[in-house]
Amino acid sequence: MNKSLIWIGSCLCVLVWPVMAAPNAQAFLPADAAVKESLLASPIIQSARAQKEAMRLRSNTMRTGTAEFTLRANLQERRVPAQHERFLESTFTLERPVRLWGKSAVDGQLSDKTIALADLEFNDAMHEASRELMKLWFAHAHMMLAMEQAQKQKDSTAQILQMAQARFKQGEIARMDLELAQAEVQRAQAAWQLAQADLSVARVAFAQRYPALPLPTQPAHIASEDLSDFAQSQDDLKAMFLNQNHELNALRLEAERLQLWAERARLDRMADPTVGIYTARDRGGAEQVTGLTLSMPLSGSVRRDHALATLADAQAAADKVRRMTVQLSAGFDQLWIQFHSKRVAAVQLQLAADTQSRAAEKSRKAYALGEHSMSETLLIARAAFEQQFAATRMQLEALERMAELQLELHQVWDFDG
């Protein structure tokens, strides 16, 4: 019995969801080249590019080190009163700290990690900007869909009003029915004006951020086959998402950098010596002196405490990676559930909308024959438009969730480089 139920359920699923290709949200989105050009021209990405260059230059200082040559000069006068002699004497010293104890190798690794982090943070900025662009794009799409539905409802109520006016002239209906139709037209007109205002606001918001990227002039018409499911399982896609997530990878890389900083601080407990060479002219040049200098700071508790603090920072960063992994996993699961629930709901709502539309058409014909009242006809027509709007809105929301998933999986608008 259980096997029979499973078989029937499988057949129903096949009937509702035929075998389809992989999801392709790109068909409803602007092209990659146009999006990338708009993002690179935005102030946010220009700032991120400047920050990337700054981090790259700082990484060079890590590799070469901050030690500099120091030149010291000393001029003095020697007096010998007993012999009434005076001599001009001078000393010149050139010295420089020397990195020892393996610090140079660690600094080189830190430089490489910093360059990699700069590239990753720039890619993350591009990805965050892509998220924002997609959010504004779908906000405009929702407003355009609402505008289309408001226009259809406005036209439909106008047709009902014309029908009511004709029947009123022939004395078939009371004035109250005519006034009900007029009120419905006024309500639809107000809804249309509000939808037009919301659409204008969405267009302005998008155009201010991305003026070079054109917006569509017609709403997207989405079919069930456009909302195809992913071929991979949820766990496989989540693993892919966590492996490619810029924010998480940046935290991982930052944790590795802090581990290197902790190692660098441990090595720095042994201070670097300063080596120099000097030359001196004594007794007016009668004596020439040349020698070497060596100085080394004596380490204290400051270097020890700094090393321990850096090690604690590295541990905190590792803990943050684990916490972020849990948060991103939960966020991906929520997005996955939203897509699939909206995908199924879109089909069910469309079936209900089709049924309600047929009922509205029958009601309109019944009113023309005098079998329905005006209030019944208006109520059923309004329900039909609301049901159709709910269905198309759910389709658009499912498409939006699918696009968000593909964006997070780098299947659309992948600008890493």
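Summary of computed values
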quantity	calculated
Hey, P81 modelled with pLDDT under 90, in contact with a Ser or Thr (Cβ under 7 Å, 6 or more places away or on another chain) and not basic (K, R) or not	no
When residues of the range 371-417 are limited to those that are out of contact with any helix residue (DSSP H, G or I) (no Cβ under 7 Å at 6 or more places or on another chain) and assigned to a helix (DSSP H, G or I), the one nearest to A345 (Cα to Cα)	E386
Qualifying residue in the range 299-310 (condition: of a type in the set (A, V, I, L, M, F, W, C) and crowded, with 17+ Cβ neighbours inside 10 Å)	yes
Search result, residues across the range 251-293 that are small (G, A, S) and outside any helix (DSSP H, G or I)	A271, G276, A280, A286, G291
Candidates R257, R175, R203, R266, filtered to the one that is in contact with a Lys or Arg (Cβ under 7 Å, 6 or more places away or on another chain) and of a type in the set (D, E, K, R)	R257
Tally of residues being β-branched (V, I, T) and either modelled with pLDDT of 95 or more or surrounded by fewer than 18 Cβ atoms within 10 Å (Cβ to Cβ) (or both) across the range 97-114	1
Odd one out for K135 among (1) modelled with pLDDT under 95; (2) under 22 Å from F389 (Cβ atoms); (3) not hydroxyl-bearing (S, T, Y)	(1)
Flag if D354 is part of a helix (DSSP H, G or I), surrounded by fewer than 17 Cβ atoms within 10 Å (Cβ to Cβ), within 18 Å of the chain's Cα centre (by Cα) and among the charged types (D, E, K, R)	no
Which numbered condition Q196 fails, given (1) polar (S, T, N, Q); (2) within 33 Å of the chain's Cα centre (by Cα); (3) modelled with pLDDT under 90; (4) in a helix (DSSP H, G or I)	(3)
Residues located in the range 217-244, provided they are small (G, A, S), within 17 Å of E397 (Cα to Cα) and either at pLDDT 90 or above or surrounded by 14 or more Cβ atoms within 10 Å (Cβ to Cβ) (or both)	A220, S224, S228
Unique residue being buried (at least 17 other Cβ atoms within 10 Å of the Cβ), within 30 Å of R257 (Cβ to Cβ) and out of contact with any Lys or Arg (no Cβ under 7 Å at 6 or more places or on another chain) when the list is L328, L399	L328
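The values are calculated or read from the model by the stated rules, or taken from the named source; none is laboratory data. It should be emphasised that the depicted structure is a prediction, and the values quoted were computed from it without experimental measurement. All Cβ positions, glycine included, derive from the backbone under ideal geometry; neighbour counts span all protein chains shown.
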